[in-house]
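Structure first, commentary second.
The values are calculated or read from the model by the stated rules, or taken from the named source; none is laboratory data. All values derive from a computational prediction rather than experimental measurement. FYI the Cβ positions are ideal-geometry reconstructions off the backbone, even for glycines, and counts take in every protein chain you see. Protein only, heavy atoms only, side chains kept; ligands, DNA and RNA dropped before computing areas. Shrake-Rupley method; radii C 1.70, N 1.55, O 1.52, S 1.80 Å.
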Amino acid sequence: MNSFNFKTYLTSNIALDNDSIDDLMLHCKQQQIYKGDFLLRQGEKCKHSFFVESGLLKQYTIDEKGKEHIIQFAPEKWFISDRESVYFDNPSNYFIQAIEDTKVFVLDELFFQELSLSHPNFLDYNNRLLHNHIRHLQKRITQLLSATAEQRYLDFIQVYPDISLRVPQTMIASYLGITPESLSRVRKELAQQFQK
Amino acid sequence: MATKPVEIVVNPREPHFVGDGFRVHNFIPSAYRLDMQRMDPIIMLDYNSKFYFDPSDTPRGVGVHPHRGFETVTIAYKGKVEHHDSSGGGGIIGEGDVQWMTAASGVLHKEFHEREWSKKGGDFQMVQLWVNLPAKDKMSTPKYQAIENATMSRYVLEDNGGEIEIIAGEYKGIKGSASTFTPLHLFNAKLHKNALATFDFPKHFNTALLVIEGEIIVNESEPVKEDQFVLMANEGETFTIKATADAIVLVLSGEPIGEPIAAHGPFVMNTKQELIQAFDDFNKGKFGYLEE
């Protein structure tokens, strides 16, 4: 799998000198976790944001019947966190768990605060990230309310081009809010369209 | 002709499971000095060393997955594998058989222990290779070559020394059973104790050995044990294998294709753009459909 160094990611998006980077790195650390390990469990307070350098995470909730609903996948170069818990200090409703052995950069809130103060251009960048996240969530809500299973799947493969080869079908179905049988039907119909 | 020396003898790495049916040691591309370029055109070698699987009513294996841009070669030493693909093809690879699948423009397939074999369980031992295709053939039509052991080309060694099964390429004037896109020799040398076999390959061909069973000495100087892999140097042409116990040795030698390699998961192309296209085509069903 590809691997993305967090420092490289940061410096390729924001103008930062080496001294600033070293200062900032005091507020984050690298962590290796293994398939099945948790970074967050339902009921805990989420204290960090995570940047995925390599591997794959999922964020999900479990309903009263014990069914898992995946809110987000985080492959390489994605951030993942429970912003409600980090920002508003509420207990989390979510689990964040590794689907593959994963290397993350663990960022605490001070990291974002310091970077915002010392580098105003980071504020712009972070704003863009936040708005992008909101756009993504709005699209998710709209799709879950009104889109067909096929539309949801086609959007999913745009957002996550290689996830379909890295996770079982049941996880994709969970993310799309459809049954695995419906997902199988969608994929079969797409293949048939191509065969015609 | 000059002697081709041993470059390095590689011990098997820690095994990992592919699906739940293949317990493999990967040699290419993850072992030290065995990246995709070094053994080009052989870009992957997984070795399921002899491993006992308990009886199971539900066959173990690997579910539906795609391939594009290369060929998979499965060589069965022990156990049986059943496979199916999105073009409607399928079959059983039995002991001694070889399945040569040209994935090329793309197939979906799945591989499981054969149902009846799985019910009984037993020793399982296989090699799977990925053979790269030149750029001009990467998007050609997929095809299969099922090579049954009974019909495989053979060279019988003198003095009851055993035989060389010629899966592909040529040995002492006898042509192999499989057709290949680029020059490639693939043999099973089945040697009786104390037998000696000689091999000649051009020096620029990337050449290696895998000892499937027994023990050998290469060039009368380098002892190699069961499950070890031998990378031969790109110098000289001739080398010998002497069996110090009854032995089976997989012999691989291919002319490098020498083109850029862009690989991610089950796709091996020449450029990153072609990889992105492969993921998109797979996601959109252009590889066809196969039931799990």
Revision key, fill the gap. Expressed in angstrom and rounded, the centroid-to-centroid distance over alpha carbons for the stretch B:1-76 and the stretch A:7-38 is 35
Exercise for review: Take the Cα of A:K188, step 7 Å along the line toward its Cβ, and report every residue of the stretch B:254-292 whose backbone nitrogen sits under 19 Å from that point.
Suggested key: B:283-292
Review point. To the nearest whole number, what is the average tally of beta carbon atoms from other chains within 10 Å of the beta carbons of peptide A:159-171?
Key: 3
Check your understanding: Shielding of B:59-66 by partners, i.e. mean partner chain Cβ atoms within 10 Å per residue?
Key -> 1
Check your understanding: How large is the accessible surface per residue of the stretch A:81-196, computed with a 1.4 Å probe and reported in Å² as a whole number?
Key -> 55
Review point. Dipole size in debye (nearest 20) for the protein assembly as shown around its Cα centre, Lys and Arg Cβ +1, Asp and Glu Cβ -1?
Key: 1120
Point to revise | Protein-protein interface of the stretch B:249-278, residues with accessible area decrease of at least 50 Å², isolated chain reference, 1.4 Å probe | key: B:H264
Review point. If you take the accessible area of B alone, add that of A alone, and subtract the area of the pair, what total do you get in Å², probe 1.4 Å, to the nearest 100?
Key: 1400
Review point. In whole Å, what are the Cα extents of the stretch B:164-292 along the three principal axes, biggest one first?
Key: 56, 35, 27
**Study point:** Within chain B, percent of DSSP bridges classed antiparallel, to nearest 5
**Key:** 95
Revision key, fill the gap. Amide H neighbours of A:L40 at under 5 Å, excluding residues fewer than 5 places away on the same chain, with H built from the backbone geometry, are A:I96
Revision key, fill the gap. Taking a probe of 1.4 Å and leaving out DNA, RNA and ligands, the stretch B:6-254 shows per residue an accessible area in Å² of 39
Review point. Working out 0.36 nm times the residue gap between B:Y32 and B:I8, then minus their Cα-Cα distance, what length gain in nm do you get to one decimal?
Key: 7.7 nm
Exercise for review: Sort the following peptides by mean Cβ neighbour count (other Cβ atoms within 10 Å, averaged over residues), highest first: B:256-267, A:114-125.
Suggested key: B:256-267, A:114-125
Check your understanding: For A:E76, which sequence-distant residues (separation of 5 or more, or a different chain) have an amide H within less than 5 Å of its own amide H, given hydrogens modelled in the peptide plane?
Key -> A:G55
Review point. Which trypsin sites (Lys or Arg not before Pro) in the stretch B:203-292 pass both tests, a DSSP loop state and at most 13 other beta-carbon atoms within 10 Å?
Key: B:K225
Practice item. Give me the net charge of B:W100's neighbourhood, meaning all other residues with Cβ under 10 Å from the Cβ of B:W100; Lys, Arg count +1, Asp, Glu -1. Key: 0
Exercise for review: Convert each backbone phi in the stretch A:130-141 into a coupling constant with the Karplus relation 6.51 cos²θ - 1.76 cosθ + 1.60 (shift: θ = phi - 60°), then list the ³J(HN,Hα) values in order as whole Hz, x for Gly and Pro.
Suggested key: 5, 5, 5, 5, 5, 4, 4, 5, 4, 5, 4, 4
Review point. At what distance in angstrom do the alpha carbon centres of the stretch A:132-153 and the stretch A:46-77 lie from each other?
Key: 17
Exercise for review: Consider a paramagnetic label point 7 Å from the Cα of B:E95 along Cα→Cβ; state which residues of the stretch B:169-205 have an amide N under 17 Å from it.
Suggested key: B:190-191
Review point. Under the definition of partner shielding as Cβ atoms of other protein chains within 10 Å of a residue Cβ, what is the mean value for peptide A:179-188?
Key: 2
**Study point:** ³J(HN,Hα) computed for each position of the stretch A:30-43 - Karplus, 6.51 cos²θ - 1.76 cosθ + 1.60, integer Hz, glycine/proline x
**Key:** 8, 9, 9, 10, 10, 2, x, 5, 10, 9, 7, 10, 3, x
Point to revise | Space enclosed by the convex hull of the alpha-carbon atoms of the protein assembly as shown, per residue, Å³ | key: 176
Check your understanding: Which ³J(HN,Hα) values, rounded to whole Hz and listed in residue order, are derived for the stretch B:80-95 from phi using the Karplus coefficients 6.51, -1.76 and 1.60 in 6.51 cos²θ - 1.76 cosθ + 1.60 with θ = phi - 60°, glycine and proline given as x?
Key -> 9, 10, 10, 9, 9, 9, 6, 8, x, x, x, x, 10, 9, x, 4
Exercise for review: With a 1.4 Å probe and every protein chain kept in, tell me what percent of the accessible surface of chain B is carbon plus sulfur.
Suggested key: 49
Check your understanding: Is chain B rounded, prolate or oblate when judged by the Cα gyration tensor, a ≥ b ≥ c being the square roots of its eigenvalues, rounded requiring a/c under 1.5 and prolate requiring a/b larger than b/c?
Key -> oblate
Check your understanding: Which cross-chain or sequence-distant (5 or more) residues have an amide H under 5 Å from the amide H of A:I99, H modelled 1.01 Å from N in plane?
Key -> A:G36, A:L56, A:L57, A:K58
